[in-house]
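Colleague: Sharing a structure with you now.
The values are calculated or read from the model by the stated rules, or taken from the named source; none is laboratory data. Quick caveat, the model's predicted, so the values are computed rather than measured. When we count neighbours, we look across all protein chains shown, and the Cβ atoms used for this are built from the backbone with ideal geometry, even at glycine. In case anyone asks, the SASA skips ligands and DNA or RNA and just uses the protein heavy atoms, side chains included. Shrake-Rupley method; radii C 1.70, N 1.55, O 1.52, S 1.80 Å.
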Amino acid sequence: MKALTKGKIWLFAIGQFGWALLSGLIGSWLVSFYLPSDEAIASGQVVLIPQGRVILGILTVIGGITALGRLFDAVTDPLVASLSDKCKSKDGRRIPFLKWAALPFAITTVLVFWAPFDATVGSGSILNSIWVCVMVLAYYFCITLYCTPYTALYSEITHTEKERMLASSAISLTFIVGTAIGYLGPMVWGALTPVLGSRMLAIRITFVIFAAVALVCMYVPVFAIKEKDYVTTQPSQASMMQSLGKTFKNPSFRVFVGSDVFYWIGLTMFQTGIPYFVTSLLKLPEAFQSMFLVLMTAISLLFYVPINAITAKVGKKKMVVFAFAMFTLVFAFTAFTQGSAEGASLINTPFGAASLSQLVQGLIMIVCGALPMAIFGILPQAMVADCAEYDSRLTGESRQGMFFAARTFCMKLGQALAMVIFTSLATLGVNKVTGVNSGSGYRIAALAAAILCAVGGIILLFYNENKVLGKTEQAAS
């Protein structure tokens, strides 16, 4: 069995860049594309589906669709994990899934934004809603087919703590960069709109370009990594439900997952709300969304080396609890941000005019958010791998795929709930007579995200890291 070289680790990590870019497009722009703000509509955004809380008077259409997609995604995770764990292909258990899922994954991502019907004519908006629902479900099935085997392969091809932390840092880095590229969407479609004469077409062409780049990257590990050179485990014989049940018998893993659910609810609410926080609360031009998100990403990268060094001394648990506390403060701060008062002096920037107050508030939000963003990017993946490795040595069963699927199963349930909560809260500030949004719903959503992150941090305090790592070392010796 070969040792994993640094070069191979980075080639493997390029695949994460690809799927993170596609995931970033959906995570960052799906809701704002189909639930456009007043500012976006004024810039040429077209309303394609019914707006407001029209489902049982509680849910928006896009909120219901995204929640359904996340639930479907969560249910299919264990199924795909089980199929991957049992796979007997000559190319290994994981690579075949990556090979065949990449193309449909890229295509469905684009089609999610390509609702074809004229919403102003007859039942156009209803037909668009059906289109979006079908494409979102297809997208989530494809992302599961690619990502569940991919994350399981990460656990299997790394054999030491050093390799695992290096690979975790590499895939975290490519994930963040891929997501950050997705954040550049407004800058790209802003440049294309004057050329194409249509904001909607410019947005869609932007997503086509990004999806093509992502597709090429997702194929890199398929051809660069020969799975059987690094993995000697045998296919699992357990059924899906048996494997899932055994995975959740690990008490430390259950605590970790419980904490992780609250993190993903809070983070998803915050990420979904960023376009609204920037334009509706801070009253900044749309281009500042990209500037803030990319700057946050760039700053977070500066923390990668220090995080690895400090983690080696204090452990993963303490670092993640600290990150929960930081995110709690950042999200709470966002809830109280405020656009400039009338008559404030403006500073001209490449992204538009802004006051000093607006810029300071935005910079506080992104600089303080960069450190926890980096911590959560690196350490949770390694914590799941720790649990999977310990369980594998203790039981003799290789179920890495199911451990990562169990984590993503709970994560996506949290994300589904986050979409329901955010899209419903976002409509609270809308004046029923004028249709103008005061932004109070966005503030409540940011404050709710802060509370959820605080709860997640408290739960993680009960994670027994010493037991997991101690048992792992004992079993290995």
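Colleague: Checking W100 against (1) open to solvent by 20 Å² or more (accessible area, probe 1.4 Å); (2) closer than 19 Å to V61 by Cβ; (3) more than 20 Å from the chain's Cα centre (by Cα); (4) of a type in the set (A, V, I, L, M, F, W, C), which test does it fail?
Modeller: Looking at each condition in turn, W100 falls short on (2).
To keep it simple, each residue is scored yes or no on (1) touching a residue at least 40 places away in the same chain (Cβ under 8 Å); (2) among the β-branched types (V, I, T).
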| position | (1), (2) |
| --- | --- |
| T108 | no, yes |
| S125 | yes, no |
| A138 | no, no |
| F141 | yes, no |
| T144 | yes, yes |
| P149 | yes, no |
| R164 | yes, no |
| I176 | yes, yes |
| Y183 | yes, no |
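Colleague: Follow-up question, since we're still on this one. What residue, of T151, T108, is hydroxyl-bearing (S, T, Y), in contact with a Lys or Arg (Cβ under 9 Å, 6 or more places away or on another chain) and open to solvent by 10 Å² or more (accessible area, probe 1.4 Å)?
Modeller: Details: T108 fails: in contact with a Lys or Arg (Cβ under 9 Å, 6 or more places away or on another chain).
Exactly one residue qualifies, and that residue is T151.
Colleague: Need the failing condition index for F277 against (1) among the aromatic types (F, W, Y); (2) farther than 19 Å from Y183 by Cβ; (3) open to solvent by less than 40 Å² (accessible area, probe 1.4 Å), just the number.
Modeller: (2)
Colleague: Another question, if that's okay. Among the numbered conditions (1) open to solvent by 10 Å² or more (accessible area, probe 1.4 Å); (2) assigned to a helix (DSSP H, G or I); (3) under 25 Å from G197 (Cα atoms), tell me where V46 comes up short.
Modeller: Unmet for V46, out of (1) open to solvent by 10 Å² or more (accessible area, probe 1.4 Å); (2) assigned to a helix (DSSP H, G or I); (3) under 25 Å from G197 (Cα atoms): (2).
Colleague: Now, a different point. Look through region 219-234, keep the residues that are surrounded by fewer than 13 Cβ atoms within 10 Å (Cβ to Cβ) and assigned to a loop (DSSP other than H, G, I, E, B), and return whichever of them is modelled with the highest pLDDT.
Modeller: Residues of region 219-234 surrounded by fewer than 13 Cβ atoms within 10 Å (Cβ to Cβ): 223, 232, 234.
Pick out the ones that are also assigned to a loop (DSSP other than H, G, I, E, B) and you get 232, 234.
Values: T232: 68, Q234: 60.
It comes out as T232.
Colleague: Which residue out of A180, A167, A119, A152 is at pLDDT below 85, touching a Gly at 6+ places or on another chain (Cβ under 7 Å) and not hydroxyl-bearing (S, T, Y)? Break it down into steps so the answer makes sense when it comes.
Modeller: Numbers: A180 fails: touching a Gly at 6+ places or on another chain (Cβ under 7 Å); A167 fails: touching a Gly at 6+ places or on another chain (Cβ under 7 Å); A119 fails: touching a Gly at 6+ places or on another chain (Cβ under 7 Å).
Result of the check over A180, A167, A119, A152: A152.
Condition check ((1) modelled with pLDDT of 90 or more; (2) open to solvent by 50 Å² or more (accessible area, probe 1.4 Å); (3) among the polar types (S, T, N, Q); (4) within 16 Å of F262 (Cα to Cα)) across all residues:
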{"site": "K318", "(1), (2), (3), (4)": "yes, yes, no, no"}
{"site": "V321", "(1), (2), (3), (4)": "yes, no, no, yes"}
{"site": "F327", "(1), (2), (3), (4)": "yes, no, no, yes"}
{"site": "S340", "(1), (2), (3), (4)": "no, no, yes, no"}
{"site": "A382", "(1), (2), (3), (4)": "no, no, no, no"}
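Colleague: Determine which member of the set F351, F336 is surrounded by fewer than 23 Cβ atoms within 10 Å (Cβ to Cβ) and within 22 Å of A449 (Cα to Cα). Give the steps one after another, and end with the answer.
Modeller: Numbers: F351 fails: within 22 Å of A449 (Cα to Cα).
Just one listed residue meets the conditions, F336.
Colleague: Still on this structure, please answer the following. Would you call G190 farther than 12 Å from I9 by Cα, open to solvent by 10 Å² or more (accessible area, probe 1.4 Å) and assigned to a helix (DSSP H, G or I)? Talk me through it step by step, then tell me what you get.
Modeller: Numbers: farther than 12 Å from I9 by Cα: yes; open to solvent by 10 Å² or more (accessible area, probe 1.4 Å): yes; assigned to a helix (DSSP H, G or I): yes.
Judged against the criteria, G190 is a match.
Colleague: Could you go through region 49-60 and let me know if any residue there is buried (at least 24 other Cβ atoms within 10 Å of the Cβ) and touching a residue at least 60 places away in the same chain (Cβ under 8 Å). Give the derivation first.
Modeller: Residues of region 49-60 that are buried (at least 24 other Cβ atoms within 10 Å of the Cβ), as a first pass: 49, 60.
Now narrow it down to the ones that are touching a residue at least 60 places away in the same chain (Cβ under 8 Å): 49, 60.
Among the residues of region 49-60, at least one is buried (at least 24 other Cβ atoms within 10 Å of the Cβ) and touching a residue at least 60 places away in the same chain (Cβ under 8 Å), which makes the answer yes.
Colleague: Consider region 164-195. How many of its residues are closer than 16 Å to W19 by Cβ, out of contact with any Leu (no Cβ under 8 Å at 6 or more places or on another chain) and among the hydroxyl-bearing types (S, T, Y)?
Modeller: Number of matching residues: 2.
Colleague: OK, next. When you check I41 against the structure, is it out of contact with any strand residue (DSSP E or B) (no Cβ under 6 Å at 6 or more places or on another chain), aliphatic (A, V, I, L, M) and touching a residue at least 24 places away in the same chain (Cβ under 8 Å), yes or no? Break it down into steps so the answer makes sense when it comes.
Modeller: On the way: out of contact with any strand residue (DSSP E or B) (no Cβ under 6 Å at 6 or more places or on another chain): yes; aliphatic (A, V, I, L, M): yes; touching a residue at least 24 places away in the same chain (Cβ under 8 Å): no.
Taking the combined requirement at face value, the residue does not satisfy it.
So that you can scan it fast, the table gives a plain yes or no per residue for (1) farther than 27 Å from R93 by Cβ; (2) buried (at least 18 other Cβ atoms within 10 Å of the Cβ); (3) of a type in the set (S, T, Y):
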site: T158; (1), (2), (3): no, yes, yes
site: E163; (1), (2), (3): no, no, no
site: I181; (1), (2), (3): yes, yes, no
site: V213; (1), (2), (3): yes, no, no
